[in-house]
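Student: This is the structure, below, for whatever I ask next.
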Amino acid sequence: MSTPETAQGPAELVLTASVARRYYIDGRSKVEIAQEFRLSRFKVARLLDSARATGLVRIDIGYPGSIDVGLSGRLQEELGLQHAIVVDTVDEHPASLRSQVGRAAAELLSEIVAADDVLGLGWARSLMAMRGSLTSLAPCSVVQLTGALSRPDVDDSSIELVRDVARIAGGPASYFYAPMIVPDATTAAALRRQPELARAMERFASVTKAVVGVGGWDPPASTVHDALSPAERKALRRLGVLADVSGVFLDEEGTAVEAPLTQRIIGIRAAQLHRVPEVIAIAYGPEKAPATRAAIRGGYVTGLVTHSSFARALLPNG
C-alpha cells in the first residue's frame, strides 16, 4: 500500500506543501498562487487536491514522514533555491546523517533527472551514500567532474561513483583516471591534454544538473583541506578561502578564489560550475553551514539536500 511519502517525489512534495500553505494559511487565491509559482491554475488545483487526499493538509500543514516539508519550503523560499529537501531527524551522528541525506538525494535525483539531462557528479562521502540508495534513474549521460581524491575511510573513488550511477541510469559515462590534486601546474596541464581526460572535460559544458559536496574550512570539514599540507592550507586561508565545491575555492561572499593550487587541480573550473543550470549540494553537519551559505550566495549551489539542524543554521532567524 502506498503512503503519501512514496506517492510523490521530494520536490513535488515540497511544492505541494508550499502551495497548500499559501492557500489554506496565507489565504491566497489559486490565480495568485499560479502566478507566484509559475504554474497553471489546473496544476494548483491538482496539488491542493493531492494535499488533502494524502493527508498533507488536515487541521494544519504537516507531513508524517522523513521530510520536514515546512522547513524545506522555508529554506527554498528564503534562500531562493530551486530545490530544498530537509530530512527531519534529531540524529546528529555523521554516518547516520550521511545515510539519511544520501537517501533523500537519491529520491530527488530519481524524480528530477530526465533522459535529456547530462548529470555531473563531484566526489564526497555524501555522494557515495546517495549512490548506495539510488535504485532508478532516467537514461541520462553521467560525467565525472573531479579527479580522484582518496581517503583512508573510503574505498571507492569518483570513477566508481560515475560508473555505478551510469549503470543504474543505463546511459553513457564520461570518466577519467587522474588524481584531483597533482604536484604542479605543468603536470596538470599535461594531464588535461591527454585524449581521455580532454574528452571528458569537454563534457563539462554540456552538464545540465550536477550533484556536489561542500567542504568547510572554518572549522575544517573538507576532504580537499585534509589532502593539503599545512603550508598550502595556510596560504589558502590568507586568500580568504572559506569553502570548496568540487575543488572550486570560495570566500565568505561566494566569490571564486584563484590560487596557485587552482592550477594543480584536475576538475571542473569555477566558471564552468557556475554555468551549470542546477547544482545540488548534499550537506550535513551544521559546522558546514557557513561554507554552504557562501556557495549559495555565489550561485555555485542552487539546490540543497540536508537535515534539520543544518537547515536552521542556514536560515537567518534559525
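The values are calculated or read from the model by the stated rules, or taken from the named source; none is laboratory data. The shown structure was predicted, so the numbers you read here are calculated from the model rather than taken from an experiment. Cβ: placed from backbone, ideal geometry, glycine included. Neighbour counts: every protein chain shown.
Student: Given the criteria farther than 26 Å from Cys140 by Cβ and assigned to a loop (DSSP other than H, G, I, E, B), does Pro290 qualify? Spell out the reasoning first.
Tutor: Numbers: farther than 26 Å from Cys140 by Cβ: yes; assigned to a loop (DSSP other than H, G, I, E, B): no.
In short, no.
Student: Surrounded by 18 or more Cβ atoms within 10 Å (Cβ to Cβ) and either free of Cβ contacts under 8 Å to residues at least 40 places away in the same chain or under 22 Å from Gly215 (Cα atoms) (or both): is that true of Leu191 in this structure? Outline the logic, then answer.
Tutor: Details: surrounded by 18 or more Cβ atoms within 10 Å (Cβ to Cβ): yes; either free of Cβ contacts under 8 Å to residues at least 40 places away in the same chain or under 22 Å from Gly215 (Cα atoms) (or both): no.
Against the criterion (surrounded by 18 or more Cβ atoms within 10 Å (Cβ to Cβ) and either free of Cβ contacts under 8 Å to residues at least 40 places away in the same chain or under 22 Å from Gly215 (Cα atoms) (or both)), Leu191 does not qualify.
Student: Take the residues of the stretch 86-104 that are at pLDDT 85 or above and outside any helix (DSSP H, G or I): which is farthest from Gln76 (Cα to Cα)?
Tutor: Thr89
Student: Find all pairs meeting these conditions: Cβ atoms under 7 angstrom apart; at least six residues apart or on different chains; first residue within the stretch 209-236 and farther than 21 Å from Gly120 by Cα; second residue among the aromatic types (Phe, Trp, Tyr) and surrounded by 15 or more Cβ atoms within 10 Å (Cβ to Cβ).
Tutor: From the stretch 209-236, the pairs are His225/Trp217; Leu236/Phe249.
Student: Still on this structure, please answer the following. Looking only at residues that are touching a Pro at 6+ places or on another chain (Cβ under 7 Å) and in contact (Cβ under 8 Å) with a residue 60 or more places away in the chain in the stretch 81-131, which one is farthest from Ala313 (Cα to Cα)? Let's see the steps before the verdict.
Tutor: Initial filter on the stretch 81-131 (touching a Pro at 6+ places or on another chain (Cβ under 7 Å)): 85, 104, 107-108, 111, 115.
Applying the additional criterion that residues be in contact (Cβ under 8 Å) with a residue 60 or more places away in the chain yields 85, 104, 107-108, 111.
Numbers: Ile85: 15, Ala104: 19, Glu107: 24, Leu108: 22, Glu111: 27 Å.
Result: Glu111.
Student: A further question on this structure: Could you run through the stretch 111-147 and say how many residues are under 17 Å from the mean Cα position of the chain (by Cα) and under 27 Å from Arg264 (Cα atoms)? It would help to see each step written out before you state the result.
Tutor: Looking only at the stretch 111-147, we keep the residues that are under 17 Å from the mean Cα position of the chain (by Cα), and these are 111-114, 117-134, 137, 142-146.
In the following step, the residues that additionally are under 27 Å from Arg264 (Cα atoms) were identified as 118-128, 142-146.
Total meeting the criteria: 16.
Student: Please work out which residue is modelled with the lowest pLDDT, limiting yourself to the stretch 108-128 and to residues that are within 18 Å of Gly213 (Cβ to Cβ) and part of a helix (DSSP H, G or I).
Tutor: For the stretch 108-128, the residue satisfying everything is Arg125.
Student: Separate question: So, in the stretch 14-46, exactly how many residues are in a helix (DSSP H, G or I), charged (D, E, K, R) and out of contact with any Lys or Arg (no Cβ under 8 Å at 6 or more places or on another chain)? Reasoning before the result, please.
Tutor: The first filter runs over the stretch 14-46 and keeps only residues in a helix (DSSP H, G or I), leaving 14-25, 30-37, 41-46.
Remaining after also requiring charged (D, E, K, R): 21-22, 30, 32, 36, 41, 43, 46.
Now restrict to residues that are out of contact with any Lys or Arg (no Cβ under 8 Å at 6 or more places or on another chain): 21, 43, 46.
Here the count works out to 3.
Student: Which of the residues spanning the stretch 156-179 are assigned to a loop (DSSP other than H, G, I, E, B), farther than 13 Å from Arg199 by Cβ and of a type in the set (Gly, Ala, Ser)?
Tutor: The first filter runs over the stretch 156-179 and keeps only residues assigned to a loop (DSSP other than H, G, I, E, B), leaving 156-157, 170-172, 175-178.
Subsequent filtering for residues that are farther than 13 Å from Arg199 by Cβ retains 156-157, 170-171.
Passing the criteria: Ser157, Gly170, Gly171.
Student: Of the conditions (1) in contact with a Ser or Thr (Cβ under 6 Å, 6 or more places away or on another chain); (2) assigned to a loop (DSSP other than H, G, I, E, B), Pro139 clears all except one; give me its number.
Tutor: Of everything listed in (1) in contact with a Ser or Thr (Cβ under 6 Å, 6 or more places away or on another chain); (2) assigned to a loop (DSSP other than H, G, I, E, B), Pro139 misses just condition (1).
Student: Let me ask you something else. So which strands (runs of 3 or more DSSP E) stay within the stretch 197-280 end to end and still have 2 or more residues that are surrounded by fewer than 22 Cβ atoms within 10 Å (Cβ to Cβ) and among the hydrophobic types (A, V, I, L, M, F, W, C)?
Tutor: none
Student: If only one of Ala20, Ala45 is touching a strand residue (DSSP E or B) at 6+ places or on another chain (Cβ under 9 Å) and more than 16 Å from Val305 (Cα to Cα), which one is it? Walk me through how you get there before you give the answer.
Tutor: Numbers: Ala45 fails: touching a strand residue (DSSP E or B) at 6+ places or on another chain (Cβ under 9 Å).
When all the criteria are applied, what remains is Ala20.
Student: Could you tell me which residue of the stretch 51-71 is surrounded by the most Cβ atoms within 10 Å (Cβ to Cβ), considering only residues that are assigned to a helix (DSSP H, G or I) and modelled with pLDDT of 90 or more? Working first, answer last.
Tutor: So in the stretch 51-71, the residues assigned to a helix (DSSP H, G or I) come out as 51-53, 69-71.
In the following step, the residues that additionally are modelled with pLDDT of 90 or more were identified as 69-71.
Details: Val69: 24, Gly70: 18, Leu71: 21.
Applying the filter and picking the extreme gives Val69.
Let's see how each residue does on (1) among the small types (Gly, Ala, Ser); (2) farther than 23 Å from Pro286 by Cα:
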{"residue": "Leu127", "(1), (2)": "no, no"}
{"residue": "Ala138", "(1), (2)": "yes, yes"}
{"residue": "Val165", "(1), (2)": "no, yes"}
{"residue": "Ile168", "(1), (2)": "no, yes"}
{"residue": "Ala178", "(1), (2)": "yes, yes"}
{"residue": "Thr187", "(1), (2)": "no, yes"}
{"residue": "Lys209", "(1), (2)": "no, yes"}
{"residue": "Gly213", "(1), (2)": "yes, no"}
{"residue": "Pro230", "(1), (2)": "no, yes"}
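Student: May I ask you to list the residues in the stretch 176-221 that are touching a Leu at 6+ places or on another chain (Cβ under 9 Å) and small (Gly, Ala, Ser)?
Tutor: Passing the criteria: Ala178, Ala210, Gly213, Gly216.
Student: A follow-up question, please. Taking Leu81 as meeting all but one of (1) at pLDDT below 95; (2) assigned to a loop (DSSP other than H, G, I, E, B), write down the number of the exception.
Tutor: (1)
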